[in-house]
Amino acid sequence: MEFSVKSGSPEKQRSACIVVGVFEPRRLTSVAEQLDEISGGYLSNLLRRGDLEGKPGQMLLLHHVPNVLSERVLLVGCGKERELDERQYKQIISKTIKTLNETGSMEAVCFLSELHVKGRDTYWRVRQAVEATQDSLYTFLQLKTKKGEPRRPLRKMVFNVPTRRELAIGERALEHGLAVSLGSKTTRDVANMPPNICNPVYLFDQAKALETQYPNLHVDSVNEKQMEQLGMHSYLAVGRGSANESIMTIMEHKGGPADQAPIVLVGKGLTFDSGGISIKPGEAMDEMKYDMGGAAGVLGAMHTISALNLPLNVVGILAGCENMPDANAYRPGDILTTMSGQTVEVLNTDAEGRLVLCDALTYVERFDPELVIDVATLTGACVIALGRHATGVFSNHNPLAHELVNASEQSGDKAWRMPLWDEYQDQLESPFADMTNLGGRPAGAITAACFLSRFTRKYNWAHMDIAGTAWVGGKDKGSTGRPVPMLSQFLMNRAGIESED
Ligand code: BES
Ligand code: MN
Ligand code: ZN
């Protein structure tokens with residue numbers, strides 16, 4: 001898709017389609033009014049006859065409106081003017097884009113990006129419009145033999161800003177929006193890939209493919225033999241029942257001064273989580289191909305920061321592994337010695353994410369990190385706590401938690417902080433080892449984070465539980481590309497990149 005930002009008047013546009021808003025009840029926006037005037041009241045007549053009320057997301061496609069140079073006019077319902085909020089804005093843009101893509105307009109000039117959205121500026125509206133466009137046109141068709149794509153797909157979008165003064169702001173928003181979308185797409189593509197193709201080597205190969213595109217990006221790996229030498233027995237135990245070798249991929253973006261301590265991102269990369277010997281029930285087990293969503297998110301964020309070439313040093317770890325039942329698999333009752341030296345009694349082989357992550361979190365001490373963020377589809381309990389709307393954020397450092405929640409608000413990629421109080425640590429007590437890998441049913445998302453906190457005492461750390469947000473199930477099943485927008489925003493803020501007017 002090709003994008004541009006303009007500041008023009010609607011009657012001068014010569015395009016396949018021009019998109020303008022209508023508020024509820026039957027009120028033309030000021031740009032729609034300009035079209036109404038040159039067309040001799042054509043639009044206001046339609047509204048009066050009841051063709052469009054202006055409810056959010058209502059669409060009316062018109063052809064050959066008198067005296068309008070563009071072939072089509074798409075009227076889009078925007079709801080009550082004073083109620084237009086972030087969520088509604090994004091939904092309206094998505095629906096507009098889908099309509100354009102399916103009705104033969106290969107290009108369009110859109111004035112919705114000029115609408116007033118409560119508490120948001122021009123930068124935000126253009127950036128969100130770009131991201132919503134790319135998100136809503138996303139498809140995963142690699143493995144379909146009949147692709148069924150539209151005959152005349154949308155190819156070019158122009159987003160308007162209210163004044164010429166705002167063109168530079170719009171351009172910057174466009175650049176950032178494209179970089180975030182690029183990262184989200186990478187995340188979605190690798191997460192949607194089935195587990196018979198997407199295994200730990202595949203994750204490594206995807207990182208290698210990025211390395212060839214970006215000179216500041218370097219990719220390395222740690223295989224099972226090396227993990228053995230490093231003492232990563234917990235990570236190794238989880239993968240022992242799988243025919244696919246465990247591989248930890250190390251990506252390094254060197255955009256900052258050589259002596260600058262890196263920000264480290266660690267992604268849970270369970271390319272399939274069957275539960276192991278504590279096997280999961282069959283229902284929706286296929287969705288456990290998304291248990292590498294954390295690694296996919298880290299890969300996507302690394303793509304975004306490479307595209308923006310942020311002046312930061314960032315390390316991305318993809319902790320690739322597969323959890324399968326087998327004669328060689330680890331079992332409930334096993335006691336594992338982690339790389340940190342602490343021992344863990346396994347009570348449930350389905351609580352495997354923390355066993356992989358704890359060793360990866362110890363491994364990253366060697367980078368002398370500025371801070372570490374792990375990203376993981378860690379617990380079903382997080383979905384119970386926050387539903388599918390917000391990522392759970394946990395941290396041992398208040399300022400870092402605030403920075404992350406702020407980045408989530410800025411980017412519209414919702415997150416909510418959860419407690420990490422010592423009281424919860426007791427649930428991990430074991431009679432035989434330093435801890436168990438299971439905290440019981442109450443506060444399952446928190447006790448999982450508490451487990452990780454025992455391996456992150458040497459640095460500032462945050463944990464993001466994306467179990468509810470990384471993908472959606474049901475008929476529109478698919479990866480969401482989250483939390484790439486939030487992570488990218490956090491890193492852009494760290495790099496001092498401006499993300500407002
Ligand atoms: N990958 C799952 C968590 C998960 C489950 C995410 C469903 C999204 C949807 C994780 O490895 C897991 O199985 N967690 C268990 C932990 C339990 C055994 C303590 C869970 O959440 O049930
Ligand atoms: Mn599991
Ligand atoms: Zn898992």
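What's the extension gain from Arg441 to Lys156 if we count 0.36 nm per residue and subtract their Cα-Cα distance?
Numbers: separation 285, 0.36 × 285 = 102.60 nm, distance 5.05 nm.
Contour length minus the Cα-Cα distance gives 97.5 nm.
Quick one: Debye curve from the alpha-carbon atoms of region 206-329 only, equal weights, vacuum; give me log10 I(q)/I(0) at q = 0.09, 0.11 Å⁻¹ to two decimals.
Evaluating at q = 0.09, 0.11 Å⁻¹ gives log10 I(q)/I(0) of -0.29, -0.43.
Between His397 and Lys475, what FRET efficiency comes out of the Förster formula 1/(1 + (r/R0)^6) with R0 = 35 Å and r the beta carbon distance, rounded to 0.05? Write out the running numbers ahead of the final one.
Details: r = 41 Å, r/R0 = 1.17.
Step by step, r from the Cβ atoms, then E = 0.30.
Give the percent of DSSP beta bridges with both residues in the chain that are antiparallel, rounded to the nearest 5. Please list the in-between numbers first.
Working: 30 of 72 bridges.
Of those bridges, close to 40 percent are antiparallel.
For Asn45 paired with Asn348, estimate the spin-label separation in nm (one decimal), with each label point 7 Å from Cα along the Cα-to-Cβ line.
Taking the two extended label points, one gets 6.7 nm.
Using only the Cα atoms of region 120-204, build the gyration tensor, take square roots of its eigenvalues as a ≥ b ≥ c, and label the shape rounded, prolate or oblate: rounded if a/c is under 1.5, else prolate if a/b is larger than b/c, else oblate. Spell out each step's value before the answer.
Values: a/c = 4.16, a/b = 1.87, b/c = 2.23.
Verdict is oblate for region 120-204.
Highest first, please rank the peptides 331-339, 146-154, 258-266 by the mean number of other Cβ atoms sitting within 10 Å of their residues.
Working: 331-339: 16.8, 146-154: 10.9, 258-266: 19.0.
Answer by packing, highest mean first, reads 258-266, 331-339, 146-154.
How many Å² of accessible area per residue for region 181-494, probe 1.4 Å? Write down the numbers at each step before the final one.
Numbers: 11470 Å² over 314 residues.
Roughly 37 Å² per residue, with all protein chains present.
Once fully extended, how much extra length lies between Glu171 and Asn196, figured as 0.36 nm per residue of separation less the alpha-carbon to alpha-carbon distance? Write out the running numbers ahead of the final one.
Details: separation 25, 0.36 × 25 = 9.00 nm, distance 4.12 nm.
Net length gain for the segment: 4.9 nm.
Any idea of the accessible area per residue across region 2-162, 1.4 Å probe, to the nearest Å²? List each step's numbers first, then the result.
Details: 7700 Å² over 161 residues.
Heavy-atom SASA per residue in region 2-162 reads 48 Å².
Rounded to the nearest 20 debye, what is the charge dipole size of the chain about its Cα centre when +1 sits on each Lys and Arg Cβ and -1 on each Asp and Glu Cβ? Working shown, then result.
Values: 52 positive and 61 negative charges, 386 e Å.
Approximately 1860 debye in magnitude.
Which of the peptides 308-315, 363-370 is most tightly packed, and how do the rest follow, judged by the mean count of other Cβ atoms within 10 Å per residue?
On the way: 308-315: 21.0, 363-370: 17.4.
Going from most to least packed, we get 308-315, 363-370.
Could you work out the equivalent-ellipsoid semi-axes for region 2-162, taking the square root of 5 times each eigenvalue of the Cα gyration tensor, largest first, in whole Å?
Working: eigenvalues 120, 70, 46 Å².
So the equivalent ellipsoid measures 24, 19, 15 Å along its semi-axes.
Projected area of region 422-501, taken from the Cα convex hull and averaged over every viewing direction, in nm²?
Numbers: hull surface 35.7 nm².
Averaging across all directions leaves 8.9 nm² for the Cα convex hull.
Check the straight Cα-Cα distances from Lys414 and name the lysines below 19 Å, setting aside those fewer than 8 residues away within the same chain.
Once the sequence-local lysines are set aside, what remains near Lys414 is Lys90, Lys118, Lys185.
Carbon and sulfur: what percent of the chain's accessible surface (1.4 Å probe)? Mind dumping the intermediate values first?
Numbers: 9970 of 20620 Å².
Accessible surface attributable to carbon and sulfur in the chain totals 48 percent.
Is region 186-258 best put as rounded, prolate or oblate by its Cα gyration tensor, with a ≥ b ≥ c the root eigenvalues, rounded for a/c under 1.5, and otherwise prolate when a/b is larger than b/c, oblate when not? The partial results should precede the final answer.
Values: a/c = 2.86, a/b = 1.29, b/c = 2.23.
Note, shape of region 186-258 comes out oblate.
Where the centre of each part is set by its Cα atoms, how far does region 171-201 sit from region 380-408, in angstrom?
Answer, in whole Å: 21.
Report the label-to-label distance for Ile384 and Leu69 in nanometres (one decimal), using points 7 Å from each Cα along the Cα→Cβ vector.
6.1 nm
Debye calculation, C-alpha points only, no solvent: report log10 I(q)/I(0) for region 360-501 at q = 0.15, 0.20 Å⁻¹, in the same order as the q values.
With no solvent term, the Cα-only Debye profile gives -0.78, -1.25.
Using a cut-off of 28 Å between alpha-carbon atoms, which lysines can reach Lys225, once sequence neighbours fewer than 8 places away in the same chain are excluded?
Filter leaves Lys208, Lys254, Lys268, Lys289, Lys458.
Nearest 20 debye, what's the magnitude of the dipole of region 1-114 about its Cα centre given +1 on Lys and Arg Cβ and -1 on Asp and Glu Cβ?
Details: 15 positive and 16 negative charges, 36 e Å.
About 180 debye.
Below 12 Å, Cα to Cα, which aspartates and glutamates can Lys280 reach? Residues fewer than 8 away in the same chain don't count.
Partners found: Asp350.
Identify, among Gly412, Phe23, Ile247, the residue whose Cα sits farthest towards the positive end of the charge dipole of the chain, taking +1 on the Cβ of Lys and Arg and -1 on the Cβ of Asp and Glu, with the dipole about the Cα centre.
Phe23
With the Cα gyration tensor of region 181-494 giving a ≥ b ≥ c as the square roots of its eigenvalues, does the rule (a/c under 1.5 for rounded; else a/b larger than b/c for prolate; else oblate) give rounded, prolate or oblate? Intermediate values should be presented prior to the final figure.
On the way: a/c = 1.29, a/b = 1.25, b/c = 1.03.
Rounded, because the longest to shortest axis ratio a/c is under 1.5.
Take peptides 19-32, 43-56 and line them up by average Cβ neighbours within 10 Å, highest first, as a rough protection proxy. Walk me through the numbers before you get to the answer.
Numbers: 19-32: 20.7, 43-56: 15.8.
Packing proxy ranking, top to bottom: 19-32, 43-56.
The values are calculated or read from the model by the stated rules, or taken from the named source; none is laboratory data. As the structure is a computational prediction, the values presented were derived from the model and not from experiment. Don't worry about glycine lacking a Cβ; one is built from the backbone with ideal geometry, like all the others, and counts go over all protein chains shown. The area values use the complete protein model at the heavy-atom level, side chains included, leaving out ligands, DNA and RNA. Shrake-Rupley method; radii C 1.70, N 1.55, O 1.52, S 1.80 Å.
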